[in-house]
Amino acid sequence: QVQLVESGGGLVQPGGSLRLSCAVSGIIFRFSAMGWYRQAPGMQRELVAQIIRSGTINYADSVKGRFTISRDIAKNTVYLQMNNLNAEDTAVYYCRATTTGGEYWGQGTQVTVSS
């Protein structure tokens with residue numbers, strides 16, 4: 001059974017930081033492409049950052065220079081370090097794994113940026 005479990009969301013003030021984690025089980029993590037997506041109220045889900053099997057990383061323009069995606073293969077975990085957060089970053093953040101067998105999503109974690 002494939003499971004993706006996100007954690008690390010919460011309420012943070014503008015300019016603050018959070019680190020999201022996504023613990024993965026049930027798939028061969030090192031052969032998977034991993035991505036972080038977010039969905040704000042009334043908006044479509046959008047890609048925030050992804051790291052593919054080769055290690056190539058892509059970011060949405062809106063988060064470049066502020067967010068960093070990384071993975072720990074030994075821990076089957078992918079992270080999203082978010083710095084200099086602003087109100088536009090408020091959303092539910094989802095972890096996604098893409099394998100040859102399909103794609104899988106976590107349940108999401110809420111990030112709220114507000115003073």
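The values are calculated or read from the model by the stated rules, or taken from the named source; none is laboratory data. Note that the structure is a prediction, hence the values are computed from the model and not measured. When we count neighbours, we look across all protein chains shown, and the Cβ atoms used for this are built from the backbone with ideal geometry, even at glycine. The area values use the complete protein model at the heavy-atom level, side chains included, leaving out ligands, DNA and RNA. Shrake-Rupley method; radii C 1.70, N 1.55, O 1.52, S 1.80 Å.
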Strands (runs of 3 or more DSSP E) wholly in the stretch 44-115 with at least 2 residues that are open to solvent by less than 60 Å² (accessible area, probe 1.4 Å) and either farther than 16 Å from residue 8 by Cα or in contact (Cβ under 8 Å) with a residue 12 or more places away in the chain (or both) - which ones?
46-51, 67-72, 77-82, 91-99, 109-113
What tally of residues in the stretch 13-43 results from selecting those that are closer than 13 Å to residue 92 by Cα, in a loop (DSSP other than H, G, I, E, B) and either without any contact (Cβ under 8 Å) to a residue 24 or more places away in the chain or open to solvent by 50 Å² or more (accessible area, probe 1.4 Å) (or both)?
3
